[in-house]
Amino acid sequence: MKAQTLLLRIAGFISLLFVVFHLLFHLMFNWGNTLSVLSSINRAIFLTYHAICILMLLLMGIVPIFKTKALLSSSIKYSILSFFSVFYLIRIVAEFTLFGISCSSPAILIMCLVPMIFYAAFVFKTYNRMNKLKNSSQLFIMRGTALVCFIPLFHKGVDLLSVEVYNDGQ
């Protein structure tokens, strides 16, 4: 448990570093001038999504650092950690598909890969443990969460992460 806590806190710390980095974007990229070429609606959309990204990074930093035990004991931990991991996976894919390879790409790759792996490590370690339950009368939807990496789905107040979805007839 201590190793998992450490990994989550390191990933959270890196997320907080990204918060600071993103807060400096306005100055670093001279957004006052460079974004003025956009229409006011496009500029507003861009800045809104950037603010949401900062908020998500802040959440991805604060929760693992300050609420580690609550996160690890939560019934939706797999979904939360999967979401965090997919967030960084999307950023890695965007680095090469949208930004192209540059001299900063290796640093961004490492800075995104570390939290992605650390957030996913707990999910897939548990996924492997759940795979051993094939002969059990219950198999949780954890498998789908680890593979699809969606946030928790709720239907009529029932947490679908803990309902019985498979019965092998025994």
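The values are calculated or read from the model by the stated rules, or taken from the named source; none is laboratory data. Not measured: the values here are computed from a predicted model. Heads up, the Cβs are rebuilt from the backbone with ideal geometry, glycines too, and the neighbour counts pull from every protein chain shown. These accessible areas exclude ligands, DNA and RNA; they are computed on the full protein's heavy atoms, side chains included. Shrake-Rupley method; radii C 1.70, N 1.55, O 1.52, S 1.80 Å.
These residues, MET28, MET60, MET116, go from largest to smallest accessible area, 1.4 Å probe, as MET28, MET116, MET60. Where the centroid of each part is defined by its Cα atoms, how far is the range 42-91 from the range 104-126 in Å? So the separation of the two Cα centres works out to 13 Å.
Surface listing: THR5, THR34, THR97, THR68 arranged by accessible area from highest to lowest gives THR97, THR34, THR5, THR68, probe 1.4 Å. Figure note: CYS53, CYS112, CYS103 ranked by solvent-accessible area, largest first, 1.4 Å probe, ligands and nucleic acids not counted: CYS103, CYS53, CYS112. Within the range 64-113, the trypsin sites (Lys or Arg not before Pro) that combine a DSSP coil assignment with at most 16 other C-beta atoms in a 10 angstrom radius are LYS67.
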